[in-house]
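Here the structure comes first, spelled out in structure tokens, and everything after it is commentary.
The values are calculated or read from the model by the stated rules, or taken from the named source; none is laboratory data. As the structure is a computational prediction, the values presented were derived from the model and not from experiment. Glycine gets a Cβ as well: all are built from the backbone with ideal geometry, and neighbour counts include every protein chain shown. Areas reflect the complete protein model, heavy atoms only, side chains present, ligands, DNA and RNA absent. Shrake-Rupley method; radii C 1.70, N 1.55, O 1.52, S 1.80 Å.
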Amino acid sequence: MLAGARLHMSSREEERALVERAGEDLDAFGKLYEQNVRKIYNYIYYRTGNYQDAEDLTARVFQRAIKHIGRYEDKGVPFSAWLYRIAHNLVANWHRDRSRRPVVPLDEKLLIPSGPKHPEAQTIEREEVDVLLGYIRELPEDRQQLLILKFVERLSNAEIGEIMGRTEGAIKSLYHRTLTSLRDDFNQ
Amino acid sequence: MRKYSSNREVAKLLSESLVPVEPREEFIRRLRARLVRYRGSGPSPAVAVAVSLSIVALIFLTSFGIALRVLLALIAALGEGASNSQSATA
């Protein structure tokens with residue numbers, strides 16, 4: 001436990017040192033990019049539902065980050081929290097712009113990987129996942145973010161709390177309410 | 001559609017459905033290269049400050065020059081008016 005906490009601290013310190021250098025040193029920024037690009041891509045992918053927009057918005061997140069990293073203030077939370085905030089704002093703008101245009105369906109590939117199952121079972125499963133993803137995308141933004149961080153990034157409630165600026169208890173409670181809301185949607 | 005009797009079942013479906021996706025390697029590589037170019041293309045803060053100061057100084061000098069010309073023109077006009085009235089009285 002103590003060793004884990006120490007490891008967590010040292011990786012946080014390493015990250016802090018990288019962030020401090022990243023304003024001037026491209027290699028430092030490159031390391032931060034490598035550490036975070038997949039997380040941000042996944043977050044945006046599940047919020048938008050398609051690969052093209054996920055790539056476009058991920059690129060914009062890092063362009064914005066490289067432009068403003070000199071003004072970054074360390075508030076004791078992971079650097080990724082800052083990137084998630086940028087991503088969150090860009091996705092919100094993207095949804096606002098898109099609400100004025102026709103809705104694009106989710107990618108065909110945004111499905112659970114399926115093994116060799118009975119075709120009928122596969123169809124039901126796929127339909128279930130499609131419905132679930134539809135329900136998720138109708139949830140308030142904070143709940144969507146929570147589910148992505150919990151299930152895609154596999155983060156603990158404490159880590160999610162750091163990123164979302166809430167207490168661990170608040171995240172636990174929000175998670176419980178989100179599951180109940182999804183269950184109600186399914187059982188309607 | 002299946003009914004869900006507990007939150008645990010919903011959580012299980014979520015863990016099966018929300019799986020990490022891997023972005024294209026080419027995208028990751030190209031974006032990194034683009035960021036390097038993006039950073040390289042911008043002027044350094046010191047250069048940006050020097051350029052801004054030069055522009056402000058240039059604008060100030062130009063405005064000052066214009067103001068001086070207007071003032072000289074006015075003085076010339078007044079002087080000409082005064083000499084005209086003098087020659088008329090003479």
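Helix B:25-41 and the long axis of chain B differ in direction by around 20°, with both axes built from C-alpha atoms.
One chain, two ends: B:Ser52 and B:Ile75. Fully extended at 0.36 nm per residue, the span grows by 4.8 nm beyond their Cα-Cα distance. Taking a spot 7 Å from the Cα of B:Arg29 along the direction of its beta carbon, which residues of segment A:52-70 have an amide N less than 19 Å from it? Of the residues in segment A:52-70, A:55-56, A:59 have backbone N under 19 Å from the label point off B:Arg29. Estimated from helical segments only, the mean residue ellipticity of chain B at 222 nm is -28500 deg cm²/dmol, where each DSSP H run of four or more residues counts as -39500 (n - 2.57). Take the Cα of A:Glu141, go 7 Å toward its beta carbon, and the backbone nitrogen atoms of segment A:36-75 under 16 Å from that spot belong to A:43-49, A:57-58, A:61. Subtracting the Cα-Cα distance of B:Ile59 and B:Ser87 from their residue separation scaled by 0.36 nm leaves 5.9 nm.
A simple count of charges around A:Gly134, restricted to other residues whose Cβ falls under 12 Å of its Cβ and scoring Lys, Arg +1 and Asp, Glu -1, yields -4.
Put simply, the amide H of A:Leu155, placed in the peptide plane, has neighbours under 5 Å in A:Lys150, leaving out anything fewer than 5 places away on its chain.
Maximal additional length on extending the A:Ala81-A:Lys172 stretch stands at 30.9 nm, based on 0.36 nm per residue less the C-alpha distance. Leaving ligands and nucleic acids aside, the B/A contact buries around 3700 square angstrom of accessible area in total at a 1.4 Å probe radius.
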